[in-house]
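Accompanying notes for the structure given below.
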Amino acid sequence: VTSPCKILKCNSEFWAATSGSHHLGTEEAPEFCTALRAYAPCPRRTARTCRGDLAYHSAVHGIDDLMVQHNCSKDGPTSQPRLRTLPPGDSQERSDSPEICHYEKSFHKHSAAPNYTHCGLFGDPHLRTFTDTFQTCKVQGAWPLIDNNYLNVQVTNTPVLPGSTATATSKLTIIFKSFQECVDQKVYQAEMDELPAAFADGSKNGGDKHGANSLKITEKVSGQHIEIQAKYIGTTIVVRQVGRYLTFAVRMPEEVVNAVEDRDSQGLYLCLRGCPLNQQIDFQTIRSAQATEGRARRKGPSLPAPPEAFTYETATAKCREKLPVEDLYFQSCVFDLLTTGDVNFMLAAYYAFEDVKMLHSNKDKLHLYERTRDLAPGNTAPSGTRPALWVALLCLSQCWLCLL
């Protein structure tokens with residue numbers, strides 16, 4: 001279910017120890033060499049489990065290249081050195097960026113503010129697309145979430161329980177493509193129990209270009225919550241680890257969402273097009289059956305019992321602790337507790353909605369309901385009201401007017 005290759009941890013530890021030293025003067029070379037020698041054994045220890053991993057092979061070759069560049073000998077001290085903090089003007093601290101590296105300033109200087117959209121993936125897994133369509137999907141294996149001219153996002157979903165079609169996100173890869181004088185290409189990778197606070201090369205910004213600070217990664221909660229700001233494309237990405245699995249949320253301008261050279265050859269792009277029909281789960285039908293039967297019902301034909309058995313009543317009570325409004329986030333929470341028995345899926349739904357509140361530009365569309373698509377644009381059921389009851393009340397009011 002999870003990769004035993006821990007090369008990302010090796011990389012993060014090395015770059016955290018040496019951040020800025022290879023940009024400084026030659027007086028720092030001995031300490032940088034010391035850190036390199038301390039780093040070298042880490043990839044060797046994980047060689048057997050990382051043979052097919054590109055990041056591992058890049059690290060192995062990168063060590064040799066850096067040793068040559070800095071004239072480091074293979075023999076010498078290997079203790080982790082204390083390196084001085086970055087001086088003003090270093091690329092990691094640079095705050096002055098060209099105007100072109102600030103989306104709102106460059107593209108919309110003399111026009112209205114851009115329209116922002118939101119996409120999120122969480123839980124078992126549940127997808128909210130850029131068009132506010134809500135789906136529950138299988139999508140086992142690797143699937144693209146976003147694919148445009150500026151970045152690619154790919155998720156890997158793995159079974160939650162042996163033999164089950166219930167899946168959750170165990171790996172996430174985000175590629176920010178090189179953009180003019182703003183940023184170099186950067187790759188962010190996260191997986192179960194590995195939520196780095198840096199890109200794959202150890203940096204925390206867009207590299208050595210003049211506008212590098214227009215791409216920045218910030219650790220909000222160690223090992224649990226990171227945020228990536230890509231100001232040059234007006235984009236904010238939030239990645240969390242909740243329990244064993246990952247959640248993803250993004251805020252992106254429509255112009256960036258639709259920036260593709262050839263839409264016809266774009267293929268599947270879950271945040272924009274949703275899950276294929278054969279990968280979608282009839283969420284409402286299964287939920288109704290769960291409520292009627294009053295017991296857990298999983299998505300596979302013959303599944304082992306979950307770690308903790310929830311009935312429909314206990315699952316709804318548990319979800320109501322964090323999600324008092326019975327919208328689709330609440331229903332997703334109930335569904336996940338019944339299909340997995342893992343209480344962390346309640347937190348995944350809760351944090352997914354917290355991210356929506358932060359990232360979605362239309363506060364009237366935060367909650368999604370079963371019948372939202374049947375209502376006029378901008379009209380959603382009031383908070384805390386069951387959608388079926390709300391529709392019934394509307395019908396009664398119309399009939400009452402006719403009688404009058």
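The values are calculated or read from the model by the stated rules, or taken from the named source; none is laboratory data. Quantities reported herein were computed from a predicted structural model and do not represent experimental measurements. Cβ placement follows ideal geometry from the backbone for every residue including glycine, while neighbour counts extend to all protein chains displayed. When the accessible area is computed, the model is the full protein with side chains, heavy atoms only, and any ligands, DNA or RNA have been set aside. Shrake-Rupley method; radii C 1.70, N 1.55, O 1.52, S 1.80 Å.
Taking the stretch 131-145 as the range and being closer than 20 Å to M252 by Cβ and assigned to a strand (DSSP E or B) as the test, the residues that pass are F134, Q135, W143, P144, L145. Within the stretch 218-243, how many residues turn out to be open to solvent by less than 10 Å² (accessible area, probe 1.4 Å) and part of a strand (DSSP E or B)? Residues meeting the conditions: 7.
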